[in-house]
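> Let me begin by handing over the structure; questions about it come next.
The values are calculated or read from the model by the stated rules, or taken from the named source; none is laboratory data. These figures come from a predicted structure and were not determined experimentally. Here Cβ is always computed from backbone atoms with ideal geometry, including for glycine, and neighbour counts include all displayed protein chains. Note: accessible area is taken over every heavy atom of the protein model, side chains too, but ligands, DNA and RNA are not part of it. Shrake-Rupley method; radii C 1.70, N 1.55, O 1.52, S 1.80 Å.
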Amino acid sequence: MCGIVGYVGHRSATDTVIDGLRRLEYRGYDSAGVAVVSDGAIALEKRAGKLANLEKVLDETPLALAHIGIGHTRWATHGPPNDVNAHPHTGGVRRVALVHNGIIENFMELRERVEADGHELLSDTDTEIVAHLVELQVQSGVDLTTAMQRVCQQLDGAFTLVAIDAEDPDTVVAARCNSPLVVGLGEGENFLGSDVAAFIEFTREALELGQDQIVVMTRDEVRVTDFHGRPVEARQFHVDWDLSAAEKDGHDWFMRKEIFEQPRAVADSLIGRRTANGQLQLDEMRLADEELRDVDKIIIIACGTSFYAGMVAKYAIEHWTRTPVEVELASEFRYRDPIIDATTLIVAISQSGETADTLQAIRHARSQRAKVLAICNTNGSSIPRESDAVIYTHAGPEIGVASTKGFLTQLVACYLLALYIAQVKGTRFGDEIDEIMEQLEAMPGHIETVLEGADAVYELARSHAGTRSVLFLGRHAGYPVALEGALKLKELAYLHAEGFAAGELKHGPIALIEEGLPVLCVVPPKGRDQLHGKMLSGIQEVRARGARTICLAEAGDTSIEPYADDLIRLPKVPVLLQPLVAILPLQLFACELATALGHDVDQPRNLAKSVTVE
Ligand code: AGP
C-alpha cells in the first residue's frame, strides 16, 4: 500500500522526504513523488517506477531548497502507474500539493462536481480531486487546516491525506481516516509517516493518531483535532523497534503482518463497490451488461492459492447466478483444447498479474473469442492489461511469498463478481444482493474476532512441530479451504500436507490415517444440515482410526465437541462466506509451525512470489 512522508524543520525537506520514502519502499509501490514549498510556490517532481527514477531527475534538476515538504510512494488503485497518476497532486492553480493513501468511495460524484466547476483533471486518480477541493477552500480565504477539515467532511471511504500550501511555508496539515498515519516528534522539526519506519532515523518519539483526526504540524508544534476542529488527545509513545521490525509493524514476518492486515484489506476491497443508488459497480468493467447476460459458461483459470480462490468462487457464482462454472489450473487449460466461444467468460485470478501460466491461458482464450475478466491485486500488470475487464483487489502489496491477504481479497472480489452477474442476469433480487453485501461488510469484524484467538492456534501449531504429515478435510466451500490450508503448510513448513474433500476419505485416503496423525477439519455451519452431519461422520471415521482431530467449527456448534481433540471456534457466518474466516486459523497454524521449525516464512525455499516462467 502507499507510503506517505511529511516534514517541516531545519533540514532539507527534499532530502528528508526522499530518505523517508526509501524506508517505506518495503511497502511496495509503482511510482514516487515529492513536493516542497519554496519562495511562495510549490516545487514538485514525480515519476513512475522506482524511487531511483525520481532521484535521478532530482539529481539533474534539484528542487529549490526548502524546509517543508511531502512525499509519496504510490501503489496504484485508481489509474495505472504513470507519471501523471503519481502523487503529489495539486489543484488547478498549483497552490496546494497533496498526497493520499486509501480509497475515496464517493470520488465519482466529487469528480463530477469539480469538473462541473470548470476544473480540468489531469489524472485518473481520486486523489487529484481532493487536491482541487482543498485548494478551492484555501482560495476562498480559509487556512489549510480549515480547508482540510471542510473537505474531510465531504469524503467517504478510507483516506490519509497530507497537504502543504504554497502561501504557508510553516505548516503541514494531515487527515487520517482508516489508513495509517503516525507523527514523529523532533527538536525544532516534526515528521509524518505511514509508519514509524519513515522517521525513526531522526526521532523515536511518536504520536499515535486515531480515526477521523486532523494533524496541524509546524516545526515547533503538533496539534490534533477532529474533523470539526475540536482538540483531541493523542497518545505519545517511544519507538523501540529497529528498522526491520518497523517495516513489519512489529511482527517477525511480513506474512504474519499481512495475516493481521486482512480485516483492513477485506474492508478496502469492499469500498466503492456501490453506486449512489445502491447498484453494484466494479472496476474497469469494460463488458456491457448485455455481453454478461449472454454468458452461458464461466471458466475460472488460476494457479496455486488463486486457483483455490476460484474453487470457492464456483460455489458462489453457481448458487447466485445459475451459470455453470468450471475451475481450471492455468497450466493445464490451454493444452486440453478447451471448448470456449464468445459466450464463455474467462475469469483469470492472479495476485501478481504476471503468472506466466495464467497469462498464456488468457491469451489462448482470447484467440478463441472468449471474454476475459481479471481479478488482480497489481494495477498495471500484464494480466489485467490483456483482459476485457478487471476487478482489483485492494490488499495492498503482498510481500510474503505465501499468499494470505491476497487470497482473502480474491474471495471478496469473486463474491462481488458473482453478485454483479446475479444483478445483471436478474437471478437475485436487489434486496437479496443487499443482504449478502451487508453480510460481506460485516466480515472484517468476524475476521478480527478469529485473529484475536491466534495465541491458541500458535500453541497448537508448536505442539505439532515434530509431525511429518498433516491432512486437511473440508466439504463444499470448505473443501478449497482444506486445499489452501494444506498448501500453506507445504510451502512454509516443507511438510507433507494434503487436503481432501471429506466425502472422498472412504475412497482411498482413509488408508493414510494412523495413530496421532493430525487432521484439520473445516466443519460447515450447521445451517447446511446435510453437509454438517456428513462432515461429522467423516471426522468420526478418522478419529476412530487414531487421528488427532483439530476441528474448526462455528460458535455454538456443540455437536462437534465429542469428536474434536482440539477445537477452534469460528464466528457464525453464511456457509458460502465461511472460507473468509475458516482459512485464518490455517494461515496462523502454518506460519507458526514453520517459525517453530526455524524456516524463513517470508522467503520459503524454492519459491518465488510471482512465477513468470511456465
Ligand atoms: C500461494 O501462497 C503461492 N504464493 C502461489 O501458489 C501463488 O498463489 C500462485 O503462484 C499464483 O500466483 P498469482 O496469484 O500471483 O497468479
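> In debye to the nearest 20, how big a dipole does the chain give about its Cα centre with +1 on each Lys and Arg Cβ and -1 on each Asp and Glu Cβ? It would help to have the intermediate numbers written out before the result.
Details: 57 positive and 90 negative charges, 351 e Å.
Dipole size: approximately 1680 debye.
> Show me, for segment 30-42, the HN-Hα J-couplings you get by feeding each phi into the Karplus relation (A = 6.51, B = -1.76, C = 1.60, θ = phi - 60°), rounded to Hz, glycine and proline as x.
Those phi angles translate into 9, 6, 8, x, 9, 9, 9, 10, 9, 6, x, 9, 8 Hz.
> Follow-up. Over all distinct alpha-carbon pairs, what is the Kirkwood Rh of segment 138-185 in angstrom?
It is 11.7 Å.
> At 1.4 Å probe size, with no ligands or nucleic acids counted, give the accessible surface of HIS238 in Å², nearest ten.
110 Å²
> Would you please give the FRET efficiency between GLU432 and ALA456, computed as 1/(1 + (r/R0)^6) with r the Cβ-Cβ distance and R0 = 45 Å, to the nearest 0.05?
Details: r = 36 Å, r/R0 = 0.80.
Computed FRET efficiency for GLU432 and ALA456 comes out at 0.80.
> Expected output is a single nm value to one decimal: the length gained when fully extending between VAL611 and GLU120, i.e. 0.36 nm times separation in residues minus the C-alpha distance. What is it? Walk me through the intermediate numbers first.
On the way: separation 491, 0.36 × 491 = 176.76 nm, distance 4.09 nm.
Once the chain is fully extended between VAL611 and GLU120, it gains 172.7 nm.
> Please compute the net charge surrounding ALA234, taking Lys and Arg as +1 and Asp and Glu as -1 over other residues with Cβ under 14 Å from its Cβ. Don't jump to the answer; show the numbers that get you there.
Values: positive: ARG176, ARG223, ARG230, ARG235; negative: GLU205, GLU208, ASP212, GLU221, ASP226, GLU233.
With Lys, Arg at +1 and Asp, Glu at -1, the neighbours total -2.
> Could you give the nm distance between label points at ARG230 and GLN281, where each point is 7 Å from its Cα heading toward the beta carbon?
The answer from the label model is 3.3 nm.
> What residue among VAL390, PRO81, THR467 has its Cα farthest toward the positive end of the dipole of the chain, where the charges are +1 on Lys, Arg and -1 on Asp, Glu, each on the Cβ?
Among VAL390, PRO81, THR467, the one farthest towards the positive end of the dipole of the chain is THR467.
> If I histogram all Cα-Cα distances within segment 490-614 using bins 10 Å wide from 0, what percent of pairs lands in each bin?
Histogram of Cα-Cα distances, whole percents per bin: 12, 38, 33, 16, 2.
> Continuing with the same structure: Given the Cα atoms of segment 20-150, and with Rh set as the inverse mean 1/r over their pairs in the Kirkwood sense, what is Rg to Rh to two decimals?
Ratio of gyration radius to Kirkwood radius: 0.96.
> What share of the DSSP beta bridges in the chain is antiparallel, in percent to the nearest 5? Let's see the in-between values first.
Numbers: 65 of 104 bridges.
Roughly 60 percent of the DSSP beta bridges within the chain come out antiparallel.
> Once the cut-off is 15 Å, how many percent of the Cα-Cα pairs in segment 34-102 end up in the long-distance tail?
Numbers: 1241 of 2346 pairs.
In whole percent, the long-distance tail amounts to 53.
> Related question: Please state, to two decimals, what the Cα-based radius of gyration of the chain comes to when divided by 2.2 N^0.38 Å (N = residues).
Working: Rg = 25.2 Å, N = 614, 2.2 N^0.38 = 25.2 Å.
Relative to the 2.2 N^0.38 Å estimate, the chain comes out at 1.00.
> With runs of 4+ DSSP H residues as the only contributors, calculate the mean residue ellipticity of the chain at 222 nm using -39,500 (n - 2.57) per run, divided by the residue total and rounded to the nearest 500.
On the way: 20 runs with 219 residues, N = 614.
Calculated from helices alone, the mean residue ellipticity at 222 nm is -11000 deg cm²/dmol.
> Given 0.36 nm per residue, what is the gain on full extension from ASP15 to ASP294 after removing their alpha carbon distance, in nm? Walk me through the numbers on the way to the answer.
Details: separation 279, 0.36 × 279 = 100.44 nm, distance 5.60 nm.
The ASP15-ASP294 span can extend by a further 94.8 nm.
> How many times 2.2 N^0.38 Å is the alpha carbon radius of gyration of segment 438-552?
On the way: Rg = 14.5 Å, N = 115, 2.2 N^0.38 = 13.4 Å.
It is 1.09.
> Non-local amide H neighbours of GLN213 (under 5 Å, H modeled in plane, Pro and chain starts lacking H): which ones?
Here ARG176 satisfy the definition.
> Which order do peptides 104-114, 279-289 fall in by mean Cβ count within 10 Å, highest first?
On the way: 104-114: 18.0, 279-289: 15.8.
Ranked from most to least packed, the peptides come out as 104-114, 279-289.
> Could you compute how much accessible surface VAL523 exposes when probed at 1.4 Å, giving the result in Å² to the nearest 10?
Estimated to the nearest 10 Å², VAL523 gives 0 Å².
> Rank-order 376-385, 541-550, 124-133 by packing density, defined as the average count of other C-beta atoms within 10 Å over each peptide's residues, highest first. Present the calculation step by step, with values, prior to reporting the outcome.
Values: 376-385: 23.1, 541-550: 18.0, 124-133: 25.7.
The peptides rank, most packed first, as 124-133, 376-385, 541-550.
> For segment 215-254, compute Rg over Rh where Rg is the Cα radius of gyration and Rh is the Kirkwood radius from the inverse mean 1/r over Cα pairs. Can you show the working numbers first?
Details: Rg = 14.8 Å, Rh = 12.7 Å.
Rg/Rh for segment 215-254 comes to 1.16.
> Leaving out ligands, DNA and RNA but keeping every protein chain, what accessible area does TRP75 have, in Å² rounded to the nearest 10, with a 1.4 Å probe?
40 Å²
> Can you tell me the FRET efficiency between GLU201 and GLN154 if r is taken as the Cβ-Cβ distance and R0 is 30 Å, rounded to the nearest 0.05?
Numbers: r = 36 Å, r/R0 = 1.21.
My answer for the efficiency is 0.25.
> On full extension of the chain, what length is gained from PHE237 through HIS319, given 0.36 nm per residue of separation minus the C-alpha to C-alpha distance? It would help to have the intermediate numbers written out before the result.
On the way: separation 82, 0.36 × 82 = 29.52 nm, distance 5.02 nm.
Fully extending the segment from PHE237 to HIS319 adds 24.5 nm.
> Then there is this: Using the C-alpha atoms of segment 306-463, what convex hull volume per residue, in cubic angstrom, is computed? Intermediate values should be presented prior to the final figure.
Details: hull volume 21.1 nm³, N = 158.
In segment 306-463, the Cα hull volume divided by residue count equals 134 Å³.
> If amide H atoms are built 1.01 Å from N in the plane of the peptide, which residues on other chains or at least 5 residues away come under 5 Å of the amide H of PHE500?
For PHE500, the qualifying residues are PHE472, LEU473, GLY474.
> Using Stokes-Einstein with the Kirkwood hydrodynamic radius over Cα pairs, what translational diffusion coefficient do you get for segment 120-234 at 4 °C and a viscosity of 1.567 mPa s, in µm²/s rounded to a whole number?
Details: Rh = 14.5 Å.
The calculation lands on 89 µm²/s.
> Please state, as a whole number in µm²/s, the translational diffusion coefficient that the Stokes-Einstein equation yields for segment 463-520 at 4 °C and 1.567 mPa s, with Rh defined as the Kirkwood radius across alpha carbon pairs.
Values: Rh = 11.5 Å.
Answer from the Stokes-Einstein relation: 113 µm²/s.
> Running Debye on segment 331-372 with equal point scatterers at the Cα sites and no solvent, what base-10 log of I(q)/I(0) appears at q = 0.24, 0.30 Å⁻¹?
These q points yield log10 I(q)/I(0) values of -0.78, -1.11.
> Please work out the FRET efficiency for the pair ALA555 and ARG223, using the Cβ-Cβ distance as r and a Förster radius of 51 Å; give the result to the nearest 0.05. Provide the component values of the computation, followed by the final result.
On the way: r = 44 Å, r/R0 = 0.86.
Result of the calculation: an efficiency of 0.70.
> If DNA, RNA and ligands are ignored and the probe is 1.4 Å, what is the ranking of PHE333, PHE254, PHE237 by accessible area, most exposed first?
Numbers: PHE333 0, PHE254 25, PHE237 50 Å².
Descending order: PHE237, PHE254, PHE333.
> Computed from the mean reciprocal separation of all distinct C-alpha pairs, what Kirkwood hydrodynamic radius does segment 75-170 have, in Å? Working shown, then result.
Values: mean 1/r = 0.0756 Å⁻¹.
For segment 75-170, the Kirkwood estimate is 13.2 Å.
> So what J values fall out for segment 464-476 if you push phi through Karplus, 6.51 cos²θ - 1.76 cosθ + 1.60 with θ = phi - 60°, rounded to Hz, Gly and Pro as x?
10, 4, x, 6, 9, 7, 9, 10, 10, 10, x, 10, 6
> Still on this structure: Calculate the dipole size of segment 99-257 relative to its Cα centre from +1 charges on Lys and Arg beta carbons and -1 charges on Asp and Glu beta carbons; express the result in debye to the nearest 20.
Values: 12 positive and 32 negative charges, 93 e Å.
In debye, rounded to 20, segment 99-257 gives about 440.
> Would you mind estimating how fast segment 251-315 diffuses translationally, via Stokes-Einstein at 25 °C and 0.890 mPa s with the Kirkwood radius over Cα pairs, in µm²/s?
Numbers: Rh = 15.2 Å.
So the translational diffusion coefficient is about 162 µm²/s.
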